[in-house]
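Please treat every number below as a calculation from the coordinates, not as lab data. Since the model is a prediction, treat every value here as computed from it, not as a measurement. When we count neighbours, we look across all protein chains shown, and the Cβ atoms used for this are built from the backbone with ideal geometry, even at glycine.
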Amino acid sequence: MAKDKFAGRSLSDPPEYGFPVTKSDSAELAAVSRALYVGGAGDLRVRTAGGNDLLFKAVPAGTLLPIRADMVFSTNTTATDIVALY
């Protein structure tokens, strides 16, 4: 499981760090996200920190989703320029 660098902090605290997401069906994110920024519109399939596989359909460009995710799948993800914040 990806390291949860946000554990022990309030979820209302803003993120302090970020990194560009490489979509993958096997590799976890470098850290569990606090939120995902979607720069290019499309569908976004993630695995949450709790282990749920979710598909967000038609996410508009410029959206900030408050998702604690440990994976962004390449399969079924058409959104681009995704940044994980934590």
Suppose the chain between Ala61 and Phe19 were pulled fully straight at 0.36 nm per residue; how much longer would it get relative to their current alpha carbon spacing? 13.4 nm
I need the peptides 55-64, 15-24, 71-80 ranked by packing, meaning the mean over residues of other C-beta atoms within 10 angstrom, with the highest value on top. 71-80, 15-24, 55-64
How far apart, in nm, are two points set 7 Å out from the Cα along the Cα-to-Cβ line at Val83 and at Glu28? 2.5 nm
